[in-house]
Amino acid sequence: MSKSITEVFWGDLNPEQLLDKYGSPLYIYNEQIIRERCRELKNLLPYPWFTVNYSAKANSNLELLRLIKEEGINADAVSSGEIYLLLKAGFEPDQILFVANNISAEEMKFAIDQGVTISLDSLSQLVTFGRINPGGRVAVRFNPGVGAGHHEKVMTGGRNTKFGVDAELVEEVKKIAAEYALWIVGVNQHIGSLFLDGEPYLTGVRALLEIAAEFPELEFIDFGGGFGIPYHWSAGEERLDLPALAAELEQILPAWRRNYGREVKMKIEPGRYLVAESGVLLGRVLNVKQNHTKKFIGTDLGFNVLMRPVLYDSYHEITAFRQGIPLSGGPQEIVTVVGNICESGDILGRDRELPPLKVGDVLAVWDAGAYGYAMASNYNLRLRPAEVLITADGREKLIRKRDTFEDLLRNFLTL
Ligand code: LLP
């Protein structure tokens, strides 16, 4: 297994000592990697009208949000909770786009009161908005009929998903806008999460631009996120070819803008790409057992901590340490790595080649910075882990405490 990042990730810090200090399991993030990814996407196209919105759902740790903001990135929220946190992190209301799906009038009012632009993705939501905020500014999310993604559950564009307004309904959107004097300030789409081949994204871009041309007063067009990272690097999975994607966008976007005849901003909306590779989940081997034909490595890394493998059959690389030293180079055996949740589906890595492990060894689960902690829960009343940042100058910084038993009691009225 080779990946330069595995060596540089820790700097002088030692995973074993981090676990001893902050408890196991533990999320670790590397500041330098987040900053590099932000710069990479921000420089995708060298124009002031091109901006990047970080999709906060991927990881909404307040400290990481601040860091991403420092890199000159704006944000996208999908709930009033995310708006609340983004404002706390210092984003200005006009740097946030609320990409909403099936929200109540109260949630719309919250965003309107905060001065945050909302994008709505159905005719009936647009009517609700028009009723409570006639004359208001609003964006519309379209579904261009193309989808992409690593799993059916995260393909958001296409004919079989709940998202977006059907591109055929542009005239209906205009009618509702006219009835409530709404200003359609933006159109957006998000065709799905995790593409490593830019082609479907570009098809979506072209389709959205056709729709955008129908709206003469746009302030922005947002092409959505979905930029993938190669989770399966031990098998040689390649990175998304960003320069190639940039070259294609360069062919399409500037010319379109010139024809549009109005200053319009163009945005992308990545979540995973900015944070996934910055995060590693650490845990401990608590049990090694042979059950009939299978060898199981029992750990404290249940699906309450990282849900992706169970929910989407996602693959995350796993490496091992013994007393702080990487275990590599020796013999390997096929094992199944499981967590401590009382469900047989609690499998982190099926049939993996790992060195022979012992109780007390430490496992590092890579590329866990996106949709890791964000989807963690207290299922089985397990405590959610702490989060630690390795700062750009190599120090460790606790950026979220581990849950405590008191947290499990917090919302009960009688104790
Ligand atoms: N914009 C919208 C409207 C979205 O719904 C999403 C993700 C994004 C942007 C960012 O997508 P990204 O660049 O991160 O692919 N939990 C799943 C991913 C769910 C993505 C949902 N929407 C996973 O762990 O793979």
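The values are calculated or read from the model by the stated rules, or taken from the named source; none is laboratory data. What you see is a predicted model, and the numbers here were worked out from it, not measured in a lab. Cβ sites come from the backbone with ideal geometry, for glycine too, and all protein chains shown count toward neighbours. Surface areas here come from the heavy atoms of the whole protein model, side chains and all, with no ligands, DNA or RNA. Shrake-Rupley method; radii C 1.70, N 1.55, O 1.52, S 1.80 Å.
Taking every DSSP beta bridge that has both ends in the chain, the antiparallel portion is near 45%. The alpha-carbon positions of the range 283-363 define a convex hull whose volume is 86 Å³ per residue. Between the beta carbons of Ala244 and Leu409, assuming R0 = 60 Å, the FRET efficiency works out to 0.70 to the nearest 0.05.
Of the chymotrypsin sites (Phe, Trp or Tyr not before Pro) in the range 349-415, the ones in a loop by DSSP (not H, G, I, E or B) with at most 15 other beta carbons within 10 Å are Phe412.
Taking a ≥ b ≥ c as the square roots of the eigenvalues of the Cα gyration tensor, the range 134-224 is prolate, since a/c reaches 1.5 or more and a/b is larger than b/c. Projecting the Cα atoms of Gly279, Leu389, Tyr379 onto the charge dipole of the chain, computed from C-beta unit charges around the Cα centre, puts Tyr379 farthest toward the positive end. Element breakdown for the range 11-74 at a 1.4 angstrom probe: carbon and sulfur atoms account for 43% of the accessible area. Extension gain for Arg350-Ser234 works out to 40.3 nm (0.36 nm per residue, less the C-alpha to C-alpha distance). Per residue, the chain exposes an accessible area of 44 Å² to a 1.4 Å probe, with every protein chain left in place. Note on the chain: with a GNM built from Cα contacts shorter than 10 Å, the maximum mean-square fluctuation among Val275, Val173, Val305 falls on Val173. Helix content alone sets the calculated 222 nm mean residue ellipticity of the chain: runs of n ≥ 4 DSSP H residues at -39500 (n - 2.57) each, divided across all residues, give -8000 deg cm²/dmol. Centre-to-centre separation between the Cα atoms of the range 374-415 and those of the range 129-206: 35 Å. The fraction of Cα-Cα pairs per 5 angstrom bin, counted from 0 for the range 24-123, comes to 2, 12, 23, 20, 18, 12, 8, 3, 1, 0 percent, rounded to whole percents. Rounded to the nearest 20, the size of the Cβ-charge dipole of the chain about its Cα centre is 700 debye, with Lys and Arg at +1 and Asp and Glu at -1. Projecting the Cα atoms of Trp10, Pro134, Val146 onto the dipole axis of the chain, where Lys and Arg carry +1 and Asp and Glu carry -1 at the beta carbon, places Trp10 farthest toward the positive end.
Going by a ≥ b ≥ c, the root eigenvalues of the Cα gyration tensor, does the chain fall in the rounded group (a/c under 1.5), the prolate group (a/b larger than b/c) or the oblate group? Cα axes put the chain in the prolate bin. Rounded, prolate or oblate: pick one for the range 74-200, where a ≥ b ≥ c are the square roots of the eigenvalues of its C-alpha gyration tensor, a/c under 1.5 means rounded, and failing that, prolate if a/b is larger than b/c, else oblate. Here the range 74-200 falls in the oblate category. With just the Cα atoms defining each centre, how far is the range 68-82 from the range 267-295? Give it in Å. Comparing the Cα centres of the range 68-82 and the range 267-295, I get a distance of 25 Å. Shape summary: the range 237-317 maps onto an equivalent ellipsoid whose semi-axes, from the alpha-carbon gyration tensor, are 46, 14, 11 Å in decreasing order.
Hull volume per residue, based on the alpha-carbon atoms of the range 84-158 and their convex hull, is 117 Å³. Its Cα gyration tensor gives the range 152-279 an equivalent ellipsoid, and the semi-axes of that ellipsoid, as √(5λ) in whole Å with the largest first, are 30, 18, 12. Using R0 = 30 Å, the C-beta based FRET efficiency linking Thr128 and Glu40 works out to 0.20.
Carbon and sulfur together cover what percent of the accessible area of the range 212-345 at a 1.4 Å probe radius? So the carbon and sulfur contribution to the accessible surface is 50 percent.
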